[in-house]
1. Beta carbons within 10 angstrom, averaged per residue: use that to sort the peptides 64-77, 39-52, highest first.
2. Lysines near residue 43 by alpha-carbon distance under 19 Å, same-chain residues fewer than 8 away left out - which ones?
3. For residue 47 and residue 28, compute 0.36 nm times the residue count separating them, minus their Cα-Cα distance, and round to one decimal in nm.
4. Under 17 Å from a label point 7 Å along Cα→Cβ of residue 54: give me every residue in segment 15-33 with its amide N that close.
Amino acid sequence: MIWRSIRDTVLAEARLYFWRDHNQNKVDLIVEHQRKLIPIEIKSSRTWHKDYAKGIQYFQKITPKSAPGLVLYGGTEVLDFPGNQVLPYNNAMTGEADLMT
């Protein structure tokens with residue numbers, strides 16, 4: 001459960017970063033915890049688009065310590081996206097979603 005794990009255990013002990021490379025690839029939030037890097041994108045859009053995970057996918061490609069990523073967005077559906085999770089940020093904040101295990 002990606003988000004529940006981050007919310008309940010990781011954030012209290014984690015280091016938080018923003019990441020961007022010289023080609024303007026970026027990830028809004030990198031959570032570093034127990035030698036793993038968890039990439040998170042945060043989007044205000046109510047509609048999911050696969051491009052929202054592009055930065056996460058690139059980061060995972062070049063970073064061996066990268067864990068499954070998470071896209072928080074303004075929509076209402078919990079979705080899986082190859083090796084990552086898409087989650088409405090309202091659900092993430094209240095813990096109402098049943099996430100990937």
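What follows draws every value from the coordinates through simple rules; no lab data is involved. Everything numeric in this text was worked out from a predicted model, so none of it was measured. Backbone-built Cβ (ideal geometry, glycine too); neighbour counts: all protein chains shown.
1. Packing proxy ranking, top to bottom: 64-77, 39-52.
2. Partners within reach: 26, 54.
3. Working: separation 19, 0.36 × 19 = 6.84 nm, distance 1.81 nm.
Full extension of this stretch gives 5.0 nm more.
4. Residues passing the 17 Å test: 19-29.
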